[in-house]
Amino acid sequence: MTKVSIGLRGWRFDEDEVFDGEGGYRPRSEMDDDTRERLERLPMLLDQPCDVCYLGDGDADAEPAAVYGEPGAEVLVCDDHEATFYYWFLEAGGDEYEGSPDLQDAFHEWVAAGNSEPGWYEGPQHVETDPESLPDPGPDTSQVEVGEPVPVNVDLPEDEQAEINLIEAAEFEEDVADDLDLDADYPTGDE
């Protein structure tokens, strides 16, 4: 099974878990919870600055290129500072926080204390394919109960769209309601 990064390097997804066989994304309902949560977080992370740039000189404009850590406690780094994270994680003991929500705080504390990778440390080398492609996370499902249908917005071609007059629809419902006899006894399945 091939692993891929989407939008930002770092988080790796099983390609078969995310993509259908026709080049599109699978419905989120078919993805495991961790994959779905990470894909839903990605668009929010793109608007955040690189943690090292922000902590170092307050640069809130440095765009992240990679994300590490757990959703909600991520470390975001730009291309220039990815080596900083790798050095901290692989050489300075950061790996003890792997899989922990404390990873973000521990890395921030290390950077805020003035630590950085040595000049000789180059960090990882990456191969990128289609780095601008990011999935649309769709509707927010955080308030949907398990088993409830997920609301979906669909864009229809103009010739398939219908114009609905809400005033006429409300008048129609009132006319139908006037014709209903709510006191009537209706047959049940037992009869």
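The values are calculated or read from the model by the stated rules, or taken from the named source; none is laboratory data. These figures come from a predicted structure and were not determined experimentally. For neighbour counting, all protein chains shown are included, and Cβ atoms are generated from backbone atoms with ideal geometry for every residue, glycine included.
Side notes on the structure shown:
- In the set D32, D16, only one residue is of a type in the set (D, E) and farther than 22 Å from P101 by Cα; that residue is D16.
- Pairs with Cβ under 8 Å, 6+ apart, first in region 6-28 and farther than 21 Å from L45 by Cα and assigned to a loop (DSSP other than H, G, I, E, B), second at pLDDT below 85 and of a type in the set (F, W, Y): R26/F19
- Answer residue from region 49-79, given it is assigned to a helix (DSSP H, G or I) and free of Cβ contacts under 8 Å to residues at least 24 places away in the same chain and is surrounded by the most Cβ atoms within 10 Å (Cβ to Cβ) among those: Y54
- Taking the conditions (1) surrounded by 13 or more Cβ atoms within 10 Å (Cβ to Cβ); (2) more than 22 Å from the chain's Cα centre (by Cα) in turn, E96 satisfies each one other than (1).
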